[in-house]
Each structure stands twice: as structure tokens, then as C-alpha cells.
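Worksheet: one structure, shown below.
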Amino acid sequence: MAETDTKPRVKVKPKTERPRLHKVILVNDDYTPREFVVTVLKAVFSMSEDQALRVMITAHTRGTCVVAVYARDIAETKATEATDAGRSAGYPLLFTTEPET
Ligand code: TYC
């Protein structure tokens, strides 16, 4: 009688999914001064004047603009910090987050 081959033929490879990155999105409004938006973008997202101006104008003309992409907790912390900066100054400035697809 032939011997039974008990060697595993298929290797199980555990696969850990990389957590999705999250976008921080700047939302336009009619009240926050442009220069204030630029100041917040520079302070919270370490942008240059040029980058901040471009992002602000994009949100102003199109309604929203992706500011940056981070791990979820960092994206949420920065969005909250930037939104709070507006609120402290009496502006409705809003930053939201959303997962990348
Ligand atoms: N729309 C604002 C204004 O005209 C400026 C602004 C730009 C506000 C982008 C928010 O996300 C924003 N004063």
C-alpha cells in the first residue's frame, strides 16, 4: 500500500491590509477672509505661501480642495485643529476628512 503524503502543498500567507489613508479637505465659505485661510494652511499643514494660496483659491472657486493625505488619526487631528483656529477667530472655516478609496 502506498504511503500517504501528508506534506502541506499550499502555504497560508497571512495578509494584513494596510490601513487606508485619509484626505483632509478644505471647504469654501462666504465669510472667512482669504488671508486667514492661507495663514491656517501654512500653520497647520506646513505649506509655503504659494502652496497655501493655490489650495485656498481652488477651494474658493471649486467649493473644496484636498489639502493633504495622512493616516486617519493625523488627518482628523489636523482637520480639527484647523477648523478650531477658524472658530476661535469667529469664522465658519471648515476642514473635513474622508478615506481614500
Ligand atoms: N470664499 C472666501 C472669501 O471670499 C475665502 C475662502 C476660501 C474661504 C477658501 C474658505 O475654504 C475657503 N472671503
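Just to check your reading of the model, which residue among T64, T77 is open to solvent by 80 Å² or more (accessible area, probe 1.4 Å) and hydroxyl-bearing (S, T, Y)?
Answer to the check: T77.
Looking at V44, is it in contact (Cβ under 8 Å) with a residue 40 or more places away in the chain, closer than 15 Å to T97 by Cα and either open to solvent by 40 Å² or more (accessible area, probe 1.4 Å) or not in a helix (DSSP H, G or I) (or both)?
Working: in contact (Cβ under 8 Å) with a residue 40 or more places away in the chain: yes; closer than 15 Å to T97 by Cα: yes; either open to solvent by 40 Å² or more (accessible area, probe 1.4 Å) or not in a helix (DSSP H, G or I) (or both): no.
The answer is no for V44.
Please work out which one of (1) in contact with a strand residue (DSSP E or B) (Cβ under 9 Å, 6 or more places away or on another chain); (2) in a helix (DSSP H, G or I); (3) more than 12 Å from the ligand (Cβ to nearest atom); (4) hydrophobic (A, V, I, L, M, F, W, C) is the condition V37 fails and give its number.
(3)
Is there a residue in segment 28-36 that is under 14 Å from A82 (Cα atoms), touching a Phe, Trp or Tyr at 6+ places or on another chain (Cβ under 6 Å) and at pLDDT 95 or above?
For segment 28-36, residues under 14 Å from A82 (Cα atoms), touching a Phe, Trp or Tyr at 6+ places or on another chain (Cβ under 6 Å) and at pLDDT 95 or above: present.
Given the residues Y91, Y70, which is the only one that is out of contact with any Asp or Glu (no Cβ under 8 Å at 6 or more places or on another chain), crowded, with 16+ Cβ neighbours inside 10 Å and not in a helix (DSSP H, G or I)?
From the options Y91, Y70, the qualifying one is Y70.
The values are calculated or read from the model by the stated rules, or taken from the named source; none is laboratory data. Source: prediction; values computed, not measured. Don't worry about glycine lacking a Cβ; one is built from the backbone with ideal geometry, like all the others, and counts go over all protein chains shown. The area values use the complete protein model at the heavy-atom level, side chains included, leaving out ligands, DNA and RNA. Shrake-Rupley method; radii C 1.70, N 1.55, O 1.52, S 1.80 Å.
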